[in-house]
Each structure stands twice: as structure tokens, then as C-alpha cells.
Ligand SMILES: Nc1nc2c(ncn2[C@@H]2O[C@H](COP(=O)(O)OP(=O)(O)OP(=O)(O)O)[C@@H](O)[C@H]2O)c(=O)[nH]1
């Protein structure tokens, strides 16, 4: 009665084995999923009030065999209450559990979905089918079909028929883009991964389950199992919606502003002051949340500020090709003037061809000198308008909130000059400004919409993550349904934490989003694998050539938000010198976990937390594994910590420090101690345990360690100039009167990294 490969004849449904009814479902064994596809092959019986025969054709997910029941049409099936095991729509999934049979001799398959459907599990009991161990294994691995058996039910006039057919040869096709992992290939063909690994070994290829096989190798293996491989190219662009640019659809949009400037010149204060002013001007009770960006309304229009550390946001985003900023506000403290980071910010903005509006801050401070600041800026080609130049300079005070309106107005004015427009009706495109993992809400990304309108329910893809927009909040914590270009919102619904600076696209549906994300994920894995093998070869070569290459400090980084993780990664990577290389194993978001510690332990690395605390398990694991786990909230301290760790990897520099000299006057033998020199200290001091050199007639006879230092039979720590003492030397007894014993210490100092 069991379905066997090649069997095509009808199989009668049979009743469950005695005692099966009411038998409890034991939650053991693997779960087998079977997908249903409707087949309308038998004409409906007019007026038939009896339950229609199941419309059911199930294809085992490892598609080798089809089990089909010939049934009435979908339409008719829909007219009646669903009978157990019947399927009206093709999307239904059937779920089977494998449990020990009621006699305890074999295994049974329990149709769990049927019981779920009925909600009457207790009364009717599970529907079961007895199978032998071998058959069970065959079913689990898709070598034979799972027999579909329900409760004995009245057949219709035509009767229910079950056909079991071998999967058609033409359907045994695997569509491949670049490569496929061993386990994925096994799954598609219904072959165990271990079997494939063995096969690869026989081909002299060592592979793990997750290893990506190139299309040629995959094809070679697939052919062995009578599967064909069809190569299909994958172009992300094919999955992105087509955009036709029409000038008449363009609408003005708010400018996106990034604040940059020297440390302590008031960037954060200015951002906070602007945000507070905008909340106060808006509805009472508006709560501002830090979402990495916010928009404010001015008389001339809205302005969106990126509320992330200026340099990191700007440079790391630009490094990823996301030039999201329209205007840079350069904050210069009126009492401090142009400083190194001010110049760096000017360079960045000029390189990106982004206009600069200068905010001369702290004008409330007594030492404020506007003219000096303007002169300094003019030296860097930022000439104020009143001096005939074209740079807007607004004197402000973040503390007293003086001239904030003027600054905002000037930003809106600059935006008008730039004629910033975008098309709100095209499929949306944006950039990830910041991202984090929220315990309650999952991955949360702050998205700056650049084109089109982002709406609830949109299918989205960014980097290797995809999903649907489940919820959106603005910086006031208000839930919003759509976000227009030039505005930001927190977006919930992505499958993982994306990377700041990555583009985010709205695509036709979630399936397309997943395909793009999967494709990128596979590409990344391939690149990682080739990097690892290339690196290890290079390292091997370097090591054999030079007898040991530079040392490596391997680092796992965890931070509160994606932006910080990226910033820390960049800052730490930059510390690499020719003596010690910093290798980032991972830079992620969230608390430091035990897994992070184990990853660091596996590569003899360290774990750095930035603005996050380690979970208690992580601390215990770090202790047990002797892994350095450090938490920081100030980037400079983190960098100093990493430098110390790097220095710790280098051999210390050893220098000799002379202590003193003693002349041997006579010698005597002491049992257990050997020959002892009765000596007088000529200069300096002789210390116990120091290193010694024995000189005879100005020639070094021996060098080693002092074994003992005594005065009048007492061990002493040191003996000063002019005093006599007894000195023993480790493993040396050939002492003679007139010998000079030179004592010295070795001092160890840390090597510099450069
Ligand atoms: N008197 C006065 N003090 C200010 C003003 N703006 C900022 N400050 C002070 O200057 C100090 C530095 O301000 P921050 O806003 O932290 O400066 P920052 O540029 O963001 O500094 P980093 O984040 O370290 O780069 C703080 O003590 C502020 O209170 C201002 O307009 N007037």
C-alpha cells in the first residue's frame, strides 16, 4: 500500500490503524511539509450535497513524486464546508508529523494540519498511517511519496482515486545563477547533504554544507542524480521597478542637511537647540525621539537634518556612494576659530561638491571674535557674502538660541537656489541613515526617502535584507502611513539590521525583494570565501618568506546603532600598522552576547562593546575563555584600549640596566649551593636574582643568573658599594679570586606600533 518510486497505479485510501483514533500526538520526529495544488479533473456532481471528494494534489517539497487525488472542481469544493484533507486553494500546505505508532513497533505519520483544520483533535484523534522504518526514511528524504490517508469516507459516485507518479524528467531542472551551497543543492534534489559532501570528496573537493559550489561543479553533481542545471543570469536591475522620468512629475523637496565641525564647537548643541525649537513651535507634547534624522518647518519650507555624528555619517555614507546631503552646516566656535577638523570638514564638503553654510556658534561667549573667524574661513576659500563672496555665514548661539530662525531660513533659501526636486509618484528609493536592533520591534532602520513616496505595506530591499514596511514613525514618535521625498522615518519590517549608507528600494513584491537580498547575500558569501582563501595563501607566503608576518589583533565589535558600529569599525581599522594588523571579525548591533565572545575566542581575538553592555552570559564566557571584553562609550578611550591590545601583541623591547660590580676575593664550597664567591662590592649595588656576567682578565667567561646573595649566612636582597657578601651563580662553579662579577637587570618596555 505504500507509495514506491515508479509506482503509478491507483492506491486506495485506507482507514487508520486500529487504536489510532484518539491516540495522542507525540511531538517527536521530523516534520514533513507538503504543498497542495488544486486539480480540477472531474466534473462537479450537480446538486451533490454529500461532501465532495478532496480536491487535492500534493507535491512533496522534495519534488520527486506527485501524489494526486482526482476530485471535483475548486468552485464546487468552495461551495461546501471544507472537509478534512480537502483543499480549495492551491496555496494550502499540509503538515505531517512522524510519531511512534500505537504498538510502539514502528512509526506513524500524523496529518497535523487536518487536525488543526477541524479543531476537533480530541474527538476524532489524529489520522495516522503506519510506515516501516525504511519507508519512513525514504519519505523523509523524499525518495518516496507520503501516502495521503484520511478517515474512511464515502467515495462519491466516481470515487476518489489516488495516483502516484514519478516526477517528470523535464521538471528535474535546477535554475542556477552563479553558484549554490552544497546544502541548497541537496535540498533541491532531495539528496542528503552528507551524501553530496562524500561525492565531492570522491572528486577530490573538500566541502562543507554551507560552501558555495560554482555552477560547473553543481552541474556535474546534479547530472549524477539525473537533474539538469539551467544557468540563468541575475541582474538586480531586472527586479527593480522601471522608472520613467517625467519633468512634470517633479516636485520641490526639503533639503537634507548635515552638521559638521571641530570637536566641541557645538554641533550637538546646535542640533538639539533646533530640534527643541521646532518641537516647541509645533504641537504641545510632541515627543522627539532620536531616530537619526528630523525635519523642521520654517517660513520658507521644511528642512531635514541628519542627526548623526557629522563626520561619520557624511564620510561613511559617501564611502558607500550615498551622497544624501544637500547642504553642510559648518559649525565654527566664535571663540576658537578654524581648527583642524573644521578644515577637514571643508575638504569633505568640497570633494562632494556640497554647498556650505557656516554657523558661527557661541556668539554669546565673551571671547567671541566674528571677524577673526571670517578671516580664517576666507583663507580656506569660504568668503562671506558681505565681503563679496558667496558663503552664507550666520552668527548663532546654541545656548541662547539666538539667530536659529535666521539659520533655518538661510538653509531653506539655499535649498531654493539649489532647486531641489524629486518625483513623489515613482517607486520609492532611499538611504539608510541609521539602523539598530530593538528588542521589542526587531530591526529598525531610519530611512531617508530620496525619490518616490514610501508607503505602509511596500515591499523593500536594502543590502542583504528585505521585508515589507510594517510600521513607520517620524522623529516625534508619531505613526505615519507614508513618507515623501526629503523626509525621514523609522521603518519596521526588515529581515535584519541594514548598513547605514546602503540604498533601500521599493520593489514589486516581497518575493522580488527576497530574491535580490538572497542574491546579494550569496555574492557576499562568495566574496568572503575567496577573500579568506586568498588571504590565507598570501599570509602563508609572507610567513614562509619572512619567518612570521605582522601580528594580528582580531576584533569583534558590538555597538548600539549601525552608524556607531560602522564608525568604530572604521576608526579601529585605521589603527593597522606594519607591525600589527587589525582584523575586524564582525561589527554588529546589539548587546555583547556569549556568541560574540565565542567567536572572538575561536580566533584568539577581543570583543569591544560601544555604548552597549555585555549580557551576563557573555561576561562569564569571557572569563572562562580568557577573552578580553571591554565596553566603552567614548571613542577616544576605545581607540586607546585597542592600541594597548595591539602593543601587547608585540614582543617587548629588552634593555640592560647595569647595577654594580663585585670583585671575588676568595671562594669556598657550600654543600647544595656549590662554589660561592666571597666578594666585595666595588661600585653600584648587587641585587639578589639579578643577571650576572663573570669577567676574568677583562674577558667574559660566563653569563647567567645569580643563584644566591648572602651576608653572614643570611639571604639579603641587595648589597651596596663597600660591603662584602657571598655570591653564588647558577650552573657555574669555576670562580677564582680576582674575577669581577658584573650584575645587571633586564628592563622590558612596550614596542611602539609604528
Ligand atoms: N556658551 C556657549 N556654549 C556652547 C554653545 N554651543 C555649545 N556650547 C558648549 O560647548 C560644549 C561643546 O558642545 P557640543 O554640542 O557637545 O559640541 P560638539 O561639537 O557636538 O562636540 P563633539 O560631539 O564632542 O564633537 C558644551 O559644553 C556646550 O554646552 C553656545 O552657543 N554658547
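Values in this text are rule-based calculations from the coordinates and carry no lab data. These numbers were taken from a predicted model, which means no experiment stands behind them. Positions of Cβ are generated from backbone atoms using ideal geometry, with glycine treated the same way; all protein chains shown enter the neighbour counts.
Across the stretch 380-516, the volume of the C-alpha convex hull divided among the residues equals 158 Å³ per residue. Per residue, the convex hull spanned by the Cα atoms of the stretch 324-408 measures out at 94 cubic angstrom. When its C-alpha radius of gyration is set against 2.2 N^0.38 Å (N residues), the stretch 596-726 gives a value of 1.78. Residues within the reach of a label modelled at residue 385 (point 7 angstrom out along Cα to beta-carbon, backbone nitrogen below 20 Å), restricted to the stretch 402-423, are 402-420.
A prolate overall shape is assigned to the stretch 361-403, the ratio a/c of its alpha-carbon gyration tensor axes (a ≥ b ≥ c) being 1.5 or greater and a/b exceeding b/c.
Working from Cα pairs under 8 Å separated by at least six residues, relative contact order for the stretch 368-418 is 17 percent. Mean silhouette area of the stretch 653-749, derived from the convex hull of its C-alpha atoms and averaged over all directions, reads 6.0 nm². Computed packing ranks the peptides 209-219, 442-452 as 442-452, 209-219, most packed first, by mean other Cβ atoms within 10 Å. Taking a point 7 Å out from the Cα of residue 700 in the direction of its Cβ, the residues of the stretch 733-754 whose backbone N falls within less than 19 Å of it are 733-736, 739-748.
Our summary gives the stretch 650-754 a relative contact order of 41 percent, counting only alpha carbon pairs under 8 angstrom and 6 or more residues apart. Using the Cβ-Cβ distance between residue 228 and residue 208 with R0 set to 22 Å, the FRET efficiency works out to roughly 0.30.
Computed extension gain for residue 371 through residue 216, at 0.36 nm per residue and net of the alpha carbon distance, reaches 48.8 nm. Specify whether the C-alpha gyration tensor of the stretch 549-649 places it in the rounded, prolate or oblate class, a ≥ b ≥ c being the square roots of the eigenvalues: rounded for a/c under 1.5, otherwise prolate if a/b is larger than b/c and oblate if not. It is oblate, given that a/c is not under 1.5 and a/b is not larger than b/c. Before anything else, pin down the relative contact order of the stretch 429-522: Cα pairs under 8 Å, at least 6 apart, normalised by residue count, whole percent. That works out to 37 percent. Extension gain for residue 438-residue 249 works out to 64.3 nm (0.36 nm per residue, less the C-alpha to C-alpha distance).
The stretch 686-702 and the stretch 600-639 have Cα centres separated by 46 Å. Which value in nm describes the separation of the simple spin-label points at residue 418 and residue 749, placed 7 Å from the Cα toward the beta carbon? Taking the two extended label points, one gets 5.2 nm.
Given the peptides 498-507, 197-206, arrange them by the average over their residues of other C-beta atoms within 10 Å, most packed first.
The packing order, highest mean first, is 498-507, 197-206.
In this label model, residue 277 and residue 468 are separated by 4.3 nm, measuring between points 7 Å along each Cα→Cβ vector. Label sites at residue 736 and residue 683, each approximated as a point 7 angstrom past Cα along Cα to Cβ, lie 2.5 nm apart.
Starting from the Cα of residue 335, step 7 Å toward the Cβ, then list every residue of the stretch 379-405 with an amide N under 20 Å from that point. Once the point is set 7 Å along Cα→Cβ of residue 335, 394-404 turn out to lie under 20 Å by backbone N, inside the stretch 379-405.
In this structure, residue 456 and residue 401 have a Cβ-Cβ separation that, at R0 = 30 Å, corresponds to a calculated FRET efficiency of about 0.25.
Across all Cα atoms of the stretch 173-231, the radius of gyration (one decimal) and Dmax (whole number) stand at 9.9, 26 Å.
Using R₀ = 60 Å, calculate the FRET efficiency as 1/(1 + (r/R₀)^6) where r is the Cβ-Cβ separation of residue 602 and residue 714; round to 0.05. Calculated transfer efficiency: 0.70.
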